[in-house]
1. Would it be correct to say that TYR167 is surrounded by 13 or more Cβ atoms within 10 Å (Cβ to Cβ) and within 15 Å of THR233 (Cβ to Cβ)?
2. Please work out which residue is modelled with the highest pLDDT, limiting yourself to the range 265-321 and to residues that are closer than 22 Å to ASP245 by Cβ and either among the β-branched types (Val, Ile, Thr) or not in a loop (DSSP other than H, G, I, E, B) (or both).
3. Quick one: which residue in ASN383, ASN348, ASN363, ASN314 is touching a residue at least 60 places away in the same chain (Cβ under 8 Å), more than 30 Å from GLY82 (Cα to Cα) and not charged (D, E, K, R)?
4. Quickly run through the range 23-50 and pick out the residues that are surrounded by 15 or more Cβ atoms within 10 Å (Cβ to Cβ) and either touching an Asp or Glu at 6+ places or on another chain (Cβ under 7 Å) or in a loop (DSSP other than H, G, I, E, B) (or both).
5. Tell me, please, whether a residue that is part of a strand (DSSP E or B) and crowded, with 17+ Cβ neighbours inside 10 Å can be found in the range 137-148.
6. Determine which member of the set GLY318, GLY367, GLY345 is assigned by TED's automatic domain parsing to the domain that holds SER218 and at positive phi.
7. I'm checking my understanding of the structure. Among residues of the range 332-358 that are part of a loop (DSSP other than H, G, I, E, B), more than 26 Å from ASN271 (Cβ to Cβ) and of a type in the set (Gly, Ala, Ser), which one is nearest to the chain's Cα centre (by Cα)?
8. Return the residues of the range 347-396 that are under 27 Å from VAL292 (Cβ atoms) and of a type in the set (Val, Ile, Thr); say none if nothing qualifies.
Amino acid sequence: MAILGLLTTLTVLGNHPWLTRVYEYRPAPGQFINTMPLCRVGEPIDSVLARCQASICGRIDTVTVTFHGQTITSIDTIWSEGMISLGGYGGYVIVGFDHPVVNMHTYDFEIQGNAFISERETHGGSSEPGIVMVGVDLDGNGVPSDGDKWYELAGSEYTHPKTQHDYSITYYRPDEAKPRTPSQVNPFLNDTTYIRWTSNDVNPDSTSGYMSRNTYHSQPYWPLWLQNEGTLTFQGTKLRCNALDLGNNASNSYYVQYFFDWGYVDNLPNNPARVSQDDGYYNPGFKIDWAVDERGNHVNLSHIDFIKIYCGMNQYCGWTGETSTEVAAGIDFHPDAPMPLPVAGDVNGDGEVNISDINSVINCILGDNYVNMADVTHDSEINISDVNAVIDLILQ
């Protein structure tokens, strides 16, 4: 009875280890769109986000029982075992925890997908790499906004000569009523000119094309809640194609998507032990130390507040469809790590005090955005005195 007395009230100590919030979901067209999660025509975006959140975010379960006259309340954090699809290149989701993720200079968090190893080729299988961006809540409003700063986590392909930075693609909403045009080559495709796209690819042979429609997924591939938008445009980094068809012909194809070394969502199988260890067959997680700015320079972030995952490939694999990143869950490996003290004068949150912070203060003065750290003098105003304060810190 003494032991039961200790269990009368159990409380959650510390932060929730699983993702708790979906801030934005804007997928590109794809064969799993409108089914993962299930969506309806004209559905409000808040409803769509709620479905995403129910699929990939954790929850807190509370169970109260009475045993031998003692009331026992058990509180636990549970992973919701669902999944969402980001569609083709550029489709994205922005998520977060109920706390900042602190940079511990090791593997800091994991975003899970549904990659798996092929029976024919152990170095590949289903690998649909999604690129990770991390955001810092510079304006302090608690949600991703224009006043915040985003950095790419540079994975193993970041400097590969076939990786294209500043890539842009535009999809054009299809006419769902137009007659289908079955492929004479591949019987599993019933519309090879379904969704047209154009891009700024440096390869002139890849500046336009179509996303085909296959016989396995008959629902509209265009997001149903975005029916009023005639085009969808996405920008970012595009990774090289990773798929090879090891089959004999179009009707007997066997696509293998080869794994990249590290640094992408849905690229390697999930780590079943959910621990941050290196293993060539499992995704060990992500390091905040991989963050780079828009020029590819390393930045020393003390923490992050938001995570954006977007599909990094424009690739179509026959009857298996487009390469589309799936997101299943996310976990912070050290949710109770203490937040480091802010660096005085580090207005843009990149861990250094330099001329870019002066520019950030000037931008705030001009009204481009508001950043809490721009008030370097702590006088509740952002003006020339804050510029001078940053200069003094640089010269120290």
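1. Values: surrounded by 13 or more Cβ atoms within 10 Å (Cβ to Cβ): yes; within 15 Å of THR233 (Cβ to Cβ): yes.
Spelling it out, TYR167 is indeed surrounded by 13 or more Cβ atoms within 10 Å (Cβ to Cβ) and within 15 Å of THR233 (Cβ to Cβ).
2. Here is the first cut: in the range 265-321, the ones closer than 22 Å to ASP245 by Cβ are 266-269, 311-321.
Pick out the ones that are also either among the β-branched types (Val, Ile, Thr) or not in a loop (DSSP other than H, G, I, E, B) (or both) and you get 311, 316, 318-320.
Values: CYS311: 98, TYR316: 93, GLY318: 87, TRP319: 87, THR320: 90.
Looking at residues that are closer than 22 Å to ASP245 by Cβ and either among the β-branched types (Val, Ile, Thr) or not in a loop (DSSP other than H, G, I, E, B) (or both), I get CYS311.
3. Being touching a residue at least 60 places away in the same chain (Cβ under 8 Å), more than 30 Å from GLY82 (Cα to Cα) and not charged (D, E, K, R) holds for just one of ASN383, ASN348, ASN363, ASN314, which is ASN348.
4. PRO27, ALA28, PRO29, GLY30, GLN31, PHE32, ILE33, ASN34, MET36, PRO37, CYS39, GLU43 - these are the residues of the range 23-50 that are surrounded by 15 or more Cβ atoms within 10 Å (Cβ to Cβ) and either touching an Asp or Glu at 6+ places or on another chain (Cβ under 7 Å) or in a loop (DSSP other than H, G, I, E, B) (or both).
5. no
6. From the options GLY318, GLY367, GLY345, the qualifying one is GLY318.
7. Among residues in the range 332-358 that are part of a loop (DSSP other than H, G, I, E, B), more than 26 Å from ASN271 (Cβ to Cβ) and of a type in the set (Gly, Ala, Ser), the one nearest to the chain's Cα centre (by Cα) is GLY349.
8. Within the range 347-396, VAL347, VAL353, ILE355, ILE358, VAL361, ILE362, VAL371, VAL376, VAL387, VAL390, ILE391, ILE394 qualify.
The values are calculated or read from the model by the stated rules, or taken from the named source; none is laboratory data. Just so it is clear, the structure is predicted and the values come from calculations on it, not from any experiment. Heads up, the Cβs are rebuilt from the backbone with ideal geometry, glycines too, and the neighbour counts pull from every protein chain shown.
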